[in-house]
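The structure appears right after this line, and notes come after that.
The values are calculated or read from the model by the stated rules, or taken from the named source; none is laboratory data. Fair warning: this is a prediction, and the values are worked out from it, not measured in the lab. Positions of Cβ are backbone-derived with ideal geometry, glycine not excepted, and every protein chain shown enters the neighbour counts. Side chains are part of the model used for accessible areas, which takes the heavy atoms of the whole protein and leaves out ligands, DNA and RNA. Shrake-Rupley method; radii C 1.70, N 1.55, O 1.52, S 1.80 Å.
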Amino acid sequence: MQVYLDSASDLEHDNSIDSKIALMSSKIMETRYYEGCGREGPIRCIFLGEFHPVAGPKISCQFPDDYVSKELFDSISAYIIPKPQIQKCTMTINALGHKIVGYPIRIENSRYERNMYLFNLCFVCDSWSKTVQYEPVVKKLGEHLTIMEEETRFVSSGSTKLPTLLAHLLHDLNTHRKATLVEGDTVMHLKVLEVRKDPIAVHDFDVPVLVASVGLPRPGRPPRMVLQEGSEQISQEHLDIEDEEPFEIDMDADWDLTTRQLLPHINGYNHISKLASDTNVEKTLVKSCIQNLVYYGVVVLIPVLKFSNMYRATPSLSRLFSDVEMQKSCISFLSNGCENKEKPVLSDILGILCSLQQGTTLRAVCERFFPSPGVPFDVRRLVVFAQIHGLVKCLKRYPVYVRSPVRPNSFNQRVDSMMGIRRLFTGKHNVDEICCLARIDMPTLDQIIEEDPNVAIIWR
Amino acid sequence: MEVNPLNIFFVKSDSKGDRLLFRYPYTTENKDENKQKKCGRHNPYAINSTEDLLQNSQSQTSNICKGQLSGFTDEMLSTLFAVKAELCNRKFELKVNDVRFVGHPTLLPYRTNKDDTAAMILINIVFALQASASHSIVKCYYDLSKRLGKALRHEEKRCSYLTEEMKIMLAAHDEVSALDSEANSGENEDEEDNSRHSVSSTTYSTDNGTPGTVPKSAFHLILQRSSLARSMKAVFEELSSTGIVQVRLNKWVLLSFCLPHKAHQIHNRGLIIEPETIDKCVQKLRPYHGILLMVNPNDLLASIPLDGSPALLRLIKLYSPLKSLQTLAIEADLTLTQAFQLTGHLVYWAKATVIYPLCEGNVYVVAPGANIHINSPLVDEFAKEFPGLCLLQMLSEFSLPAPLWYVSRGAWGARCGGRPARLVAWLLRRRLLLQLHTYVQFNSPHCPHWPRPSALDGKEYFCEKHDSYYQSNSVSFSSLNQVQLNVPEPVEPRESSNTFPDSDEDYPTQNNLNQTDFSHTKPIVIESEHTKYDKFNEVDSANHSFDDGIDVIDGIIKPKVNGCDFDKTQNIQKKAQGNSVDSGISNNINGNSINGTENEHGNGQSDAKDKTEIKSLPSRLSDISLKESDIVINRDTSSDEDKFESDVDVSPMLRNSHAAINGSEKTNGVSLNLKLQSEMSFQSPTVWTAPAGCDAIDACRMPSDPPSTESLLDTFTAEERAVLATIPASEDPSDLLLLAQLHKKGYFRGEQHLEEIMFMENVSRSQLMQLLDKFKDVLITFETEDPAVAMLYPYY
């Protein structure tokens, strides 16, 4: 199941953010672009290369004109118009400061002078930029051009429409990241899809949280730079969309049915199994839906919040001490949850986060900080916030079966279930996982672990 | 594994055209493809789906088949890799579908067979990688290709090695193609075209039906005959197995290469460390870090080539996981920077990792990425290494953080012979344990505005002791100085002075300058400050730089000073440590602390004067200030160098504060005078730019509105001071002083761990722990890993 998000509005949002970021001085921008920086860049030029029966490989049309010089083309022509054996594969050559993505095509037909026609529509980008995202576009364009060539000799006849078509294409793809070309009967819809990292597997015991719910600053981003004076707007660079930019989520948007059903239940506490049972949706369906949302950065996964959990600070906790923006968003996130009149005090928040140490359960911390029933804010929300921002990490508990002489066990009536469960004590599964797999609750599992002297607990 | 190479190719291109001379591995898929085609043809029920009208679906999207490169004939590849001259001697990167080819085409003069006229030949050693391989992997392979090219060029120049090897390869190709054409003539007419393209890589095995022909490919022959081909095979295989390549080309040129992404997996499966990470780690290294060798030091020494750096050898000989890099550097007679670089080198080659030196107070927990599977090979290894102990049990003991001495008191402590270091080292090497450090944050419960939005990074000024950091610091300092100091004039000379070389000869004259200045200023000074001033002078009296006349006052104050044991001990410690380290560093340390104390003076005074709303504190503060000045005395008399330095450093700060105070209360004329003074005196600190800059920064950090801000306790806001006053521990001035000092230097912002504070400020752990305990209402701590160390862990 694949859900395509309506990203038009997202894109605008992204652009607004980007324009803010683009206010940074151009020097900073410069240093961000180096080979291997992993950023996307704009298309600098689109050209059509073909094999001329007399002149050999040449550029028959390009926009903007003369971007790819004759010399450059000659030195790389072997990769634009390769030997006839290589065709219909995306080829990217990175040479002389340009990165050229092409999809060489050969059409065999006796109407051509050499009984075949070779051409290749190529995108030219900067050598530092990532170009994977253009590959499907180039390929689709190539396939369509093949059909048009076969039908109307659109390409080989040197159509006058071609230059405008390329110009259109370049402009639309760079500014809107999508383009629609109409040529005769052929309509081409092209869209540049961002290639992200493969999403991690979603487990029964994972808890999805909406990233947008915590507001700015975005989790996983460095603190915003202080704006510097004398910053100029960067012309085309703003196209460079931040990697892994999370999508702003609109509950009323045109989601697919599953997502629409699930979204109201995603609150940062419900794990996948619970989501599935609450919404009466099949679990695998829920998983793939959530995985899809993870892919687009709409949600992140955190472990189930239990008061027996232990958490440990990460080095980024110090950011909360100094980043005012994050402090604000933390406080507003906390006060969102409960309709409390007074806002939580920052020093309390920090105190709680710092006392969440390995060796102290969440329950112990709560008892220490909120001895009286009047709780100023919801600790659970704080923990969720801190986890999304990577300020603390949840430690997982792994029961491992230590091989040592088996001692007689007093609880014979439960031997069967225990043997079954003990097979899971391999160090591969944490307690959450085991509970889900064996369908038992935590106290039972705790008891089993406690009663068995051969089981050791490793917190990791 | 995207780290592994798919294939290695050797292509030449000269006047006779291009040719794929060798590739490894060469067991080809052509045969399979042919078979598949045949199968397809023979299957009567197969639908012939070539006529797909909508989309020609023949297009191939993947060129990797079962981990092997597929879909390219040798001829195709040779045309692709024989680049035009414009692309020579630079990076060649071509991506076809999901395969990325990377190489460094090398153009080199080459002697043709018959005559000795030199012609140019292009050789290209290309690696095929998965396209998903990260850029840093590609870069490493490119580097390897470049090195191979260079080595070949050298060998060609030296003894025409390349010419000879190419002759062998070409001969083998010709031989096989001759055999081929014989065997092929008559049968397989239709496939002749195909086999001509791929003839060299086709293995004719049993099913081909020609019993007479020898089942061999040209590449097989080449591998037998050519040493270059064997070297390339070795390169490929070492890359796939360990990531460390040690190949001697033509038994002459040693090619050592390391692919760190792969090499670290020798010791830790699944651990991918990119060179960029190592660079970052080296930048974050501090003198208190240590190294832990992954291999036996003796083996490592033996594996280093004869022309290896003697510095590296010394470092390894003196290596111990208990020593810090600073100690190692001193013992091995290296600069700290050198030690850092050597560390980076060792880490790159997967011979070492960065740790905090092992000691009993360290707190370890199970690392997040640790392999704790009960059937992992580590369990058995551990049992072999430490008989009687169980790895998993051990790890479960490390599940809750506790100092090592505490953990080792447990059951296993006795069994490993009371020497847990070996065991911990073993666990650290496998990245099973991760050390936690304590970070401190100043968090006063009642002030909402404690996080001052400061543009400064705390990291910028705690490292000023080390020469290697001077430069970067001075830059940032200078920019800051101008903005925030109340007295802007003196700053500039200081800035410019940063560039001066260290020259000890300058002192005396400058001291004289100070002296003269001082005598001028004396009468101007306000009374209350007079005393302090005098103390100062007294300090310096040994130094001859200041007046002797004030001794009387000193005499009064001294006993108090001595009464303060705490300070004394601290002082002694500092001295001792300072001496053990090279003197430059110790000087700076003292300089720092002294500056801090000096600020304290001003502060106390100003507080007292201003009569701020806090009534309990000021009096105490003034006490502190008195005592502190005595500390200064002690320090200064300790060694001559120290004296000098402290004088020089102290006076400007003092004057600064004076200037500020005077500015508010006295006439302009006075402050002008002071400015002049300070301007002159600022000339002297050239040698200790960093401490000076540090002070400047600290001064800057304080709120700038009141003129008397350059004082120590002003690092706390009024609310914070109010809170501090309620804490019983602040009754003890020495504690309060230490707190204020450390806070002022930015150690309580959750960015530096205790060990760092201990190292940088020369305080003992117990002192810090006491401080934390006494001020636990305002100091909160959290435990987490040291990023520089954790960087080298998997899944970090």
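Among the candidates B:ASP116, B:ASP143, the residue that is open to solvent by 20 Å² or more (accessible area, probe 1.4 Å) and either of a type outside the set (D, E, K, R) or modelled with pLDDT under 90 (or both) is uniquely B:ASP116.
If you go through segment B:358-406 one residue at a time, how many are part of a loop (DSSP other than H, G, I, E, B) and facing another protein chain (nearest Cβ under 9 Å)?
Going through segment B:358-406, the residues part of a loop (DSSP other than H, G, I, E, B) turn out to be B:358-362, B:367-376, B:386-390, B:398-401.
Narrowing further to those that are facing another protein chain (nearest Cβ under 9 Å): B:367-376, B:390, B:398-401.
Result for segment B:358-406: 15.
Restricting attention to segment A:276-312, the residues being more than 22 Å from the chain's Cα centre (by Cα), more than 29 Å from B:PHE782 (Cβ to Cβ) and either within 14 Å of chain B (Cβ to nearest Cβ) or open to solvent by less than 40 Å² (accessible area, probe 1.4 Å) (or both) number 3.
Pairs meeting the criteria (first residue in segment B:103-119 and under 26 Å from B:TYR142 (Cα atoms), second residue assigned to a loop (DSSP other than H, G, I, E, B) and modelled with pLDDT under 70, beta carbons under 9 Å, at least 6 apart or on different chains) are B:ALA119/B:THR112. Filtering segment B:772-782 to residues that are charged (D, E, K, R) and either in contact with an Asp or Glu (Cβ under 9 Å, 6 or more places away or on another chain) or not assigned by TED's automatic domain parsing to the domain that holds B:SER734 (or both) leaves only B:LYS774. For segment A:160-188, residues that are at negative phi and in contact (Cβ under 8 Å) with a residue 60 or more places away in the chain total 10.
The single condition from (1) open to solvent by 40 Å² or more (accessible area, probe 1.4 Å); (2) in a strand (DSSP E or B) that B:LEU292 fails is (1). Taken together, the residues in segment A:435-459 that are open to solvent by less than 60 Å² (accessible area, probe 1.4 Å), at pLDDT 85 or above and within 14 Å of another protein chain (Cβ to nearest Cβ) amount to 6. For segment B:232-278, what are the residues that are crowded, with 22+ Cβ neighbours inside 10 Å, β-branched (Val, Ile, Thr) and in a loop (DSSP other than H, G, I, E, B)? The answer is B:ILE273, and nothing else.
Taking the condition closer than 24 Å to A:LEU96 by Cα and more than 14 Å from chain B (Cβ to nearest Cβ), does A:ASN174 pass? Taking the combined requirement at face value, the residue satisfies it.
Inspection of segment A:365-380 identifies no residue that is without any contact (Cβ under 8 Å) to a residue 24 or more places away in the chain, touching a Pro at 6+ places or on another chain (Cβ under 6 Å) and over 20 Å from B:ALA402 (Cβ atoms).
Every condition in (1) more than 14 Å from chain B (Cβ to nearest Cβ); (2) surrounded by fewer than 20 Cβ atoms within 10 Å (Cβ to Cβ) is met by A:VAL324 except one, and the failing one is (1). Listed by position, the helices (runs of 4 or more DSSP H) inside segment A:278-345 whose residues that are closer than 30 Å to A:GLN261 by Cα and of a type in the set (A, V, I, L, M, F, W, C) number at least 2 are A:283-295, A:324-337. From the list A:ASP10, A:ASP74, A:ASP18, A:ASP6, the one residue that fits, being acidic (Asp, Glu) and modelled with pLDDT of 70 or more, is A:ASP74. Taking the criterion of being over 24 Å from B:ALA85 (Cβ atoms), surrounded by fewer than 19 Cβ atoms within 10 Å (Cβ to Cβ) and of a type in the set (Asp, Glu), would at least one residue in segment A:73-89 satisfy it? Among the residues of segment A:73-89, not one is over 24 Å from B:ALA85 (Cβ atoms), surrounded by fewer than 19 Cβ atoms within 10 Å (Cβ to Cβ) and of a type in the set (Asp, Glu), which makes the answer no.
Suppose the filter is not aromatic (Phe, Trp, Tyr) and not assigned by TED's automatic domain parsing to the domain that holds B:ARG158; does B:ARG248 pass it? Steps first, please.
On the way: not aromatic (Phe, Trp, Tyr): yes; not assigned by TED's automatic domain parsing to the domain that holds B:ARG158: yes.
Against the criterion (not aromatic (Phe, Trp, Tyr) and not assigned by TED's automatic domain parsing to the domain that holds B:ARG158), B:ARG248 qualifies.
Just one of the numbered conditions (1) open to solvent by less than 40 Å² (accessible area, probe 1.4 Å); (2) over 19 Å from B:TYR348 (Cβ atoms); (3) not in a helix (DSSP H, G or I) is not true of B:ALA229: (3).
Is one or more of the residues making up segment A:39-61 on the phi > 0 side of the Ramachandran plot, open to solvent by 40 Å² or more (accessible area, probe 1.4 Å) and out of contact with any Leu (no Cβ under 8 Å at 6 or more places or on another chain)?
Initial filter on segment A:39-61 (on the phi > 0 side of the Ramachandran plot): A:56.
Narrowing further to those that are open to solvent by 40 Å² or more (accessible area, probe 1.4 Å): none.
No; the residues of segment A:39-61 include none that is on the phi > 0 side of the Ramachandran plot, open to solvent by 40 Å² or more (accessible area, probe 1.4 Å) and out of contact with any Leu (no Cβ under 8 Å at 6 or more places or on another chain).
Here is the figure for segment B:739-751: residues that are farther than 8 Å from B:VAL440 by Cβ and not in a helix (DSSP H, G or I) total 4.
In the condition set (1) outside any loop (DSSP other than H, G, I, E, B); (2) surrounded by 21 or more Cβ atoms within 10 Å (Cβ to Cβ); (3) more than 14 Å from chain B (Cβ to nearest Cβ), A:SER273 is compliant with all but (2). Here A:ASN120 fits the description: open to solvent by less than 10 Å² (accessible area, probe 1.4 Å) and either at negative phi or touching a helix residue (DSSP H, G or I) at 6+ places or on another chain (Cβ under 7 Å) (or both).
Residues in segment A:184-203 that are open to solvent by less than 30 Å² (accessible area, probe 1.4 Å) and either assigned to a loop (DSSP other than H, G, I, E, B) or not aliphatic (A, V, I, L, M) (or both): A:THR186, A:VAL192, A:ARG196, A:VAL202.
Could you please let me know if A:ALA364 is assigned to a helix (DSSP H, G or I), modelled with pLDDT of 80 or more, more than 9 Å from chain B (Cβ to nearest Cβ) and within 30 Å of the chain's Cα centre (by Cα)? Here the answer is no, as A:ALA364 does not meet what is asked. In segment B:74-94, the residue that is nearest to B:ALA218 (Cα to Cα) out of those that are open to solvent by 20 Å² or more (accessible area, probe 1.4 Å) and at the interface with another protein chain (Cβ under 7 Å from one of its Cβ atoms) is B:THR79.
Out of B:VAL363, B:VAL282, one residue alone is in contact (Cβ under 8 Å) with a residue 12 or more places away in the chain, surrounded by fewer than 22 Cβ atoms within 10 Å (Cβ to Cβ) and out of contact with any helix residue (DSSP H, G or I) (no Cβ under 6 Å at 6 or more places or on another chain). It is B:VAL363.
Could you please let me know if A:CYS394 is in a strand (DSSP E or B), open to solvent by 10 Å² or more (accessible area, probe 1.4 Å) and modelled with pLDDT of 85 or more?
Values: in a strand (DSSP E or B): yes; open to solvent by 10 Å² or more (accessible area, probe 1.4 Å): yes; modelled with pLDDT of 85 or more: yes.
It is true that A:CYS394 is in a strand (DSSP E or B), open to solvent by 10 Å² or more (accessible area, probe 1.4 Å) and modelled with pLDDT of 85 or more.
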